[in-house]
Structures are given as structure tokens and as C-alpha cells.
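Participant: Would you mind keeping the following structure in view while I ask a few things?
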Amino acid sequence: MRMSKLFSQTLRESPSDAEITSHILLERAGFIRQLAAGIYTAMPLAKRSLTKIENIMRDEINAIGGQEMSMPVVQPAEIWKRTGRWYKVGPEMGRLKDRNGRDMALAMTHEEAVSDIVKNEIHSYRQLPVLIYHIQTKWRDDPRPRAGLIRVREFTMKDSYSLDRDWEGLDEQYRAHYQAYFDIFHRCDLPVISVKSDVGMMGGTMAHEYMYITPSGEDTLLLCDKCGYSANRQIAVFQKESGPEEEALPLDKVATPEMKTIAALSEFLGVPESKTAKAVFMMATVLEDEEEVEKLVFAIVRGDMDLNETKLTNAIKAKELRPAEEAEIVAVGAVPGYASPIGLDGILVVVDDLIPQSPNLAAGANEEGYHYINVNYGRDYKASVVADIVAARDGDACLGCGASLRAVRGIEVGNIFKLGTWYSEAVGCTYQDEDGEEKPVVMGSYGIGSGRLLASIVEEYNDEYGMILPISVAPYQVYIVAIAGKGEKGAEAMAAAEQLYTDLQEAGVEVLFDDRDESPGVKFNDADLIGIPIRLTVGPRSLKDGGVEFKRRDQKEREIVPLEEVVAKVKELIATLKAEIAERIVPMPFEE
RNA sequence: CGGGGUGUAGCGCAGAGGGUAGCGCGCCGCGUUUGGGACGCGGAGGUCGGCGGUUCAAGUCCGCCCACCCCGACCA
């Protein structure tokens, strides 16, 4: 490709609405252009990189038996109604009507489409196991798209779906994906870790997320450097230290005017926050006699800890959870700021499992301006549910080995999920087993977003001048800077550059040839910005020095290579760069 | 959805106090120049986010709306 013909242009200045590195660089280098919030055009350079990433995914998923297909983005509402997600999901799903007034949905993922196909295509155990996948557009009307390609509304995802007779089969395909995903990220040269993650409402039994660790990430992860435990904060467990044993003291009511926060209360009473109980009110949507009802949940955690909403959701099997409004709290007879489970009837009280081991806590008295001291679980009140519902924090002790957990931020670049039979049962995806019995297909789903992956790679590999793309992802392998000038020397250099361009292409090398009538500075800067791994400079000076200047984007050193050796040298370096990446592809330990 | 911010040429920005819009980069033409974002001369390009109001007169003042960005809520 000639730079003089390339459709996109580079920008000297960053667009004012870009803040994070990958967004700035992808915009400046002409890879992407924004159409609306969370909606981007992939320009030719980005498209080439994305295609490379997608081909790596194809390779790896094909290698574990995947069959590529393509499922529609616009889908009839019926299949979403069948699984209930038409009603459950809310405004995140794109909805429209076709010309006949029928409800249609824009796919946010493809479990429904898969289930529909499976229902019709799979009849016998003989057809299982099978693995299907596609690389397709998704629409999720995220309330807050941000950070360029990191969090968008329209995106392309490689999603695969495993179909098995039983859970053992699912285990096998899940493990195959577990490794294949590492291989995909490693081939893209992106360092990732896997963390255990929430399985949510889908009734799955296991899920992992692949995380690229970076401060700009949106998820918080807890890692144990000693034993290797790693989990999303949503589900991370840790050792809780109960305080020293104490005799239960008599319950007492004390005046605590204006002490509505834990910090204020603890200071006023002169006790540590760990000697207080914190009340958090949430409204949960739960299933009661097959009916969805919204209930107030009174969650109690020790004052020095934070409620983890995911854990609470799971503990009470809620479909949804949201903070309660003051009116809803008052409605059950609780007094915000001084709330107490003591003497409240008929509400769902959930206490953290550390509370029963924490004697003599200070808690609200359900009376404006008063708290109880020496509140003891069991004696003074009881809960409907006792469960781990607090969030792990940096420095907490690892449940497995006791070492200190480290909290880091990460971007989720992929996830794998044991769906089980939730969809199969909802939709009726069954097969006949050897014994003639109808059984639900056991499913798994596995996804990687290609744009977010590209953005993460750019986040990882850049310097003050621009991107430094890995050879496997770069839109081109070589960037030729032609330095011309008038006169005979200049014409000679241009001719040499043209010849080099032709020779490299004939040798199968992907070349971006900067043949523009621009000053050398512009070309060097654009070469750095776009981040092509190998830069070749041909000009009167390099020819005088004996050939072509050869430079890796990721190194400072330059050397002159004679014209007749350049092609061989380029091919050799490409092979070396590929080999360096290949070394990163290693088996990763899988933990149950 | 709550809080904050920004909308003026393709991009980045300036336009106190109302008087009909400017700078840099980029773009077009001609010429010079060619190893780290060159130079000269000549050009093109803007319903100032939208609608309404105040006024003789609105980019500027007032009201409503929209879009985009950031923080939070949210994120199968």
C-alpha cells in the first residue's frame, strides 16, 4: 500500500475528546473514526489489524474443532421472549419493528440464535459434541460508553458455543477454550491473566474472565502472588479475622445525635469501626411462588467492610438488585442512619458471616438519634440468610494460603462460561441419547471482542511517539520511508525505494510505502505513530552510506543494509519477531 | 439516571463588556526545499450544535432541546 493512496490521514494533534492512550493513538494514526458515542468506523489500517486478530481467533478455535458460521444481527423478538431476556434485559437491548410491525431485536449476544438453530438441527447424541462459532456484530446500548474502543455500544465479537451430551463433555470443551484463549492473547502478544468470575443468573457453574491488567481497567481483581488465587472482586473470597472473644454484654441504648455514618459513630463512641454494624438497604427482585417481586433487603456487614452487591445478589438468588430509596426504607419501619434489625419484622435480613462471630457491636436503634451498643447476633436478632456478602480489599488475607491479596485493575478482554442447560431447557434444545431418552444439550459460551483486544494491545505497546504494534497484529510488517529530493540523487533514491517496494511485495512481505511528497520529518513521525514493526529508510544519504537504513520500531538502533540484502534481512527479522511471539504460547495451568 | 464539562472551518483553539468571525495545523494552485512534523506567494473552506426569545442589531444575553466527553450508578 502506498501512503499517497491510503484513505485515512494521521492527525498531528489528539482529538479533544480522547483521553486514554489507545484512544488517542488509534484516532491520531487514522485507525478509527467516531460516528457517535460508542460507535466507531474501523478505517483501513484498523481493519487490517482486526482481520489479523480475527484470523488468529479462527486459527485457534478451528484447532479445537470449531466450525465457523454466521448468525444474524437482526432477530425476531420471539426467540428472546422464549428465553425471557426480551423482558429481562431492558434498554441495553436494541429493539425495532419491521415493516409489518413485528418486534425485532438487535443481537447483544447469540445464545438465543444458537439455541434456535440447535433446537432444529440437533436430534441425536451422535451429533454431539460440537463446537460452533462466528465473528459478528453485537449491539449493546451501554449507558456509558467510554475510552475509545475499550467500551463501545456496537462491536465485533468472536463468540463460540459448545454443545455437549453431558457435563463431562462441557468440561472438556471448556478446558480447550481455556487454553485456546490464552493462545489467542499470547499470539497477539497481550499479557493476560485468567480470573474466576461471577456466573450470574444463568445457572452456570463456572466462568473465567481474561484480564489485561492496566490501571485504566474497569474491573477490580484480587490476586494472590503466593498461591496464584485470582478472582474478580465481584466474587473474590478472603479470610475474615474475627476479633478477640468477648463475653456478650447487656444490650444498651445510647443517645448518638447526628451520628448517621459509621465513621461519625465510631468516633463518637470511641470504638473502632470493626465494632460497629453497618446497615445497607437494597431492593431485590426475587422469585416468590413463580412470581417476580421486589423486596427490601436489609444487609448487615461489619462497619469496617463494604457490601459486595454481586455476593449479596447470589446469596439471595436475586434477579436484580438496586439501592433502596429512603421512602422504601421508611416504609418498613426502619430509620435511615439509625437502622437496626432489632424489632423489625417481616423483612429479609442478610448478615455477613463475620457478624455472628463479632460480639458487642454498635448498631442503630431504629430511633432518630439513638444507637444500641453491645448488639449480639443470635441473642438480639436473627437473619434470614447468613452468607459472605462483603467485598475483598487490597491487603486482605488469601483464603487458601493466608498471604496478602493484591488488588489491581483490569480490562476484560474475553470470557468463558459454562452455561449448562439453562438455555437448552428454556428453548427445548434436546437430543436423544443412546437409551432413547430426551436430554437437554449442555452448553458453554465463549467470547472475545476484537476491537477491545486491539485497544488493549495499543494500551500495552506504545511510547511517546506512537504505537509499537506486535508483528502479528500490525496492519503492515514494513514501513518504507522514501526520502527523495530533486536532482539525480533524489531520483535515484526514489527509484531504489520503488524497487524495494516491489521486491518486498514479491517476497510476500506486507509493505506500507511512504511515497508521499512530504518532508522526511512527517514521514518518520507517521511511521512511528502507526507503529509498523520494521522501518526501512531509503534516501540519498542511506544510499551513500551503502544501502537502506533498517530500524525496528521497538528499538533505537539503526543499521545500513546493502540493497541486495534487504529482502532477506527483512524476512529474517519477520521470522525472528514471529518466533519471539511463538515463545509466549505456553500451556497455562487450569484450576477447578 | 445523578454530578461536572464542552459544542465556533477537516483537526486543535481564540473571540471580557452585543455591532455580522479570527489564529495555528491541514486542504487546493504555483515555485523553492528533502534525514525527525520545511519555506514563499496566491486561494478555498464557517446556517458559530438546534429551536425559540430579548434587541435596531446575538457566536456573545435569556429559555428550552440536542450531541459529545469525564466521574458515579450501570455493564448477559
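The values are calculated or read from the model by the stated rules, or taken from the named source; none is laboratory data. Fair warning: this is a prediction, and the values are worked out from it, not measured in the lab. Reconstructed Cβ throughout: ideal geometry from the backbone, glycine too, with neighbour counts over all protein chains shown.
Quick grid of which residues meet (1) aliphatic (A, V, I, L, M); (2) part of a helix (DSSP H, G or I); (3) near RNA strand B (Cβ under 7 Å from one of its atoms); (4) over 22 Å from residue A:485 (Cα atoms):
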{"site": "A:522", "(1), (2), (3), (4)": "yes, yes, yes, no"}
{"site": "A:529", "(1), (2), (3), (4)": "yes, yes, yes, yes"}
{"site": "A:541", "(1), (2), (3), (4)": "no, yes, yes, no"}
{"site": "A:555", "(1), (2), (3), (4)": "no, no, no, yes"}
{"site": "A:567", "(1), (2), (3), (4)": "yes, yes, no, yes"}
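Participant: Out of A:195, A:130, I need the residue that is β-branched (Val, Ile, Thr), modelled with pLDDT of 95 or more and touching a Leu at 6+ places or on another chain (Cβ under 8 Å). Which one?
Facilitator: A:130
Participant: Which of the residues spanning segment A:109-131 are under 22 Å from the mean Cα position of the chain (by Cα) and surrounded by fewer than 21 Cβ atoms within 10 Å (Cβ to Cβ)?
Facilitator: Matches in segment A:109-131: A:109 only.
Participant: Hey, does segment A:154-161 have a residue that's in contact (Cβ under 8 Å) with a residue 12 or more places away in the chain, farther than 30 Å from residue A:34 by Cα and not polar (S, T, N, Q)?
Facilitator: So in segment A:154-161, the residues in contact (Cβ under 8 Å) with a residue 12 or more places away in the chain come out as A:154-161.
Subsequent filtering for residues that are farther than 30 Å from residue A:34 by Cα retains A:161.
Within this subset, residues satisfying the condition of being not polar (S, T, N, Q) are A:161.
For segment A:154-161, residues in contact (Cβ under 8 Å) with a residue 12 or more places away in the chain, farther than 30 Å from residue A:34 by Cα and not polar (S, T, N, Q): present.
Participant: Still on this structure, please answer the following. Is it the case that some residue within segment A:527-541 is surrounded by fewer than 18 Cβ atoms within 10 Å (Cβ to Cβ) and under 17 Å from residue A:467 (Cβ atoms)?
Facilitator: no
Participant: Let me ask something else about it. So for segment A:574-582 (the condition being more than 31 Å from the chain's Cα centre (by Cα) and over 23 Å from residue A:468 (Cα atoms)), does at least one residue qualify?
Facilitator: No; the residues of segment A:574-582 include none that is more than 31 Å from the chain's Cα centre (by Cα) and over 23 Å from residue A:468 (Cα atoms).
Participant: Could I ask something else about it? Within segment A:490-510, track down each residue that is within 15 Å of RNA strand B (Cβ to nearest atom) and loosely packed, with under 15 Cβ neighbours inside 10 Å.
Facilitator: Answer for segment A:490-510, where residues must be within 15 Å of RNA strand B (Cβ to nearest atom) and loosely packed, with under 15 Cβ neighbours inside 10 Å: A:491, A:495.
Participant: Also, quick follow-up: Here is a list of conditions, (1) surrounded by fewer than 19 Cβ atoms within 10 Å (Cβ to Cβ); (2) away from RNA strand B (no atom under 11 Å from the Cβ), and residue A:513 meets all of them except one; can you say which number that is?
Facilitator: Exception for residue A:513: condition (1).
Participant: Filter segment A:543-553 down to residues that are farther than 19 Å from residue A:49 by Cα and more than 6 Å from RNA strand B (Cβ to nearest atom) and give me whichever is farthest from the chain's Cα centre (by Cα).
Facilitator: In the first step, residues of segment A:543-553 are kept if they are farther than 19 Å from residue A:49 by Cα; the result is A:543-551.
After this cut, where a residue has to be more than 6 Å from RNA strand B (Cβ to nearest atom) as well, the list is A:543-548, A:550-551.
On the way: A:543: 49, A:544: 51, A:545: 49, A:546: 49, A:547: 47, A:548: 43, A:550: 38, A:551: 35 Å.
The selected residue is A:544.
Participant: One residue is enough: does segment A:39-50 have a residue meeting the conditions over 20 Å from residue A:466 (Cβ atoms), surrounded by fewer than 19 Cβ atoms within 10 Å (Cβ to Cβ), without any contact (Cβ under 8 Å) to a residue 60 or more places away in the chain and within 9 Å of RNA strand B (Cβ to nearest atom)?
Facilitator: Among the residues of segment A:39-50, not one is over 20 Å from residue A:466 (Cβ atoms), surrounded by fewer than 19 Cβ atoms within 10 Å (Cβ to Cβ), without any contact (Cβ under 8 Å) to a residue 60 or more places away in the chain and within 9 Å of RNA strand B (Cβ to nearest atom), which makes the answer no.
Participant: Moving to a separate point now. Could you tell me whether segment A:498-512 includes any residue that is in contact with a strand residue (DSSP E or B) (Cβ under 9 Å, 6 or more places away or on another chain), within 25 Å of residue A:27 (Cβ to Cβ) and of a type outside the set (Val, Ile, Thr)?
Facilitator: The answer is yes, given that some residue of segment A:498-512 is in contact with a strand residue (DSSP E or B) (Cβ under 9 Å, 6 or more places away or on another chain), within 25 Å of residue A:27 (Cβ to Cβ) and of a type outside the set (Val, Ile, Thr).
Participant: Are there strands (runs of 3 or more DSSP E) fully within segment A:132-216 with at least 1 residues that are of a type in the set (Asp, Glu), under 27 Å from residue A:23 (Cβ atoms) and over 14 Å from the mean Cα position of the chain (by Cα)? List them.
Facilitator: On the way: elements: A:154-164, A:193-196, A:207-213.
Output list reads A:154-164.
Participant: Restricting attention to strands (runs of 3 or more DSSP E) lying wholly within segment A:376-437, give those where 3 or more residues are within 30 Å of residue A:120 (Cβ to Cβ).
Facilitator: Those strands (runs of 3 or more DSSP E) span A:405-420, A:430-432.
A quick yes/no check of all residues on (1) farther than 30 Å from residue A:132 by Cα; (2) hydroxyl-bearing (Ser, Thr, Tyr); (3) at pLDDT below 85:
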residue	(1), (2), (3)
A:373	yes, no, yes
A:386	yes, no, yes
A:413	no, no, no
A:416	no, no, no
A:421	no, yes, no
A:432	no, no, no
A:435	no, no, no
A:441	no, no, no
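Participant: Hey, another quick one. Condition check: away from RNA strand B (no atom under 14 Å from the Cβ) and touching a residue at least 12 places away in the same chain (Cβ under 8 Å). Does residue A:472 satisfy that?
Facilitator: For residue A:472, the condition - away from RNA strand B (no atom under 14 Å from the Cβ) and touching a residue at least 12 places away in the same chain (Cβ under 8 Å) - is met.
Participant: Further question: Scan segment A:354-368 residue by residue and report those that are surrounded by fewer than 19 Cβ atoms within 10 Å (Cβ to Cβ) and touching a strand residue (DSSP E or B) at 6+ places or on another chain (Cβ under 6 Å).
Facilitator: A:356, A:360
Participant: Write out, first by first residue and then by second, each pair whose Cβ atoms fall under 8 Å of each other, whose residues are 6+ apart or on separate chains, and whose first residue, in segment A:81-109, is over 13 Å from residue A:142 (Cα atoms) and within 16 Å of RNA strand B (Cβ to nearest atom) while the second is assigned to a strand (DSSP E or B) and among the hydroxyl-bearing types (Ser, Thr, Tyr).
Facilitator: Listed pairs, sorted by first residue: A:107/A:137; A:109/A:445.
Participant: Return the pair list, or none, for Cβ contacts closer than 7 Å from residues in segment A:1-22 that are free of Cβ contacts under 8 Å to residues at least 40 places away in the same chain to residues that are among the aliphatic types (A, V, I, L, M), at least 6 apart or on different chains.
Facilitator: Short answer, once both residue conditions are applied: A:7/A:43; A:8/A:43; A:8/A:45; A:14/A:24.
Participant: Also: Any chance segment A:415-424 includes a residue that's over 30 Å from residue A:308 (Cα atoms) and not aromatic (Phe, Trp, Tyr)?
Facilitator: Yes, there is a match, as at least one residue in segment A:415-424 is over 30 Å from residue A:308 (Cα atoms) and not aromatic (Phe, Trp, Tyr).
Participant: How do the strands (runs of 3 or more DSSP E) wholly within segment A:222-323 filter down when requiring 2 or more residues that are in contact (Cβ under 8 Å) with a residue 60 or more places away in the chain and crowded, with 19+ Cβ neighbours inside 10 Å: which remain?
Facilitator: The strands (runs of 3 or more DSSP E) meeting that bar are A:277-288, A:291-302.
One line per residue, one yes/no per condition, for (1) among the β-branched types (Val, Ile, Thr); (2) under 27 Å from residue A:9 (Cβ atoms):
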residue	(1), (2)
A:526	no, yes
A:534	yes, yes
A:538	yes, yes
A:542	no, yes
A:546	no, no
A:552	no, yes
A:556	no, no
A:563	no, no
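Participant: Checking residue A:61 against (1) within 12 Å of RNA strand B (Cβ to nearest atom); (2) in contact with a His (Cβ under 9 Å, 6 or more places away or on another chain), which single condition isn't satisfied?
Facilitator: The number of the failed condition is (1).
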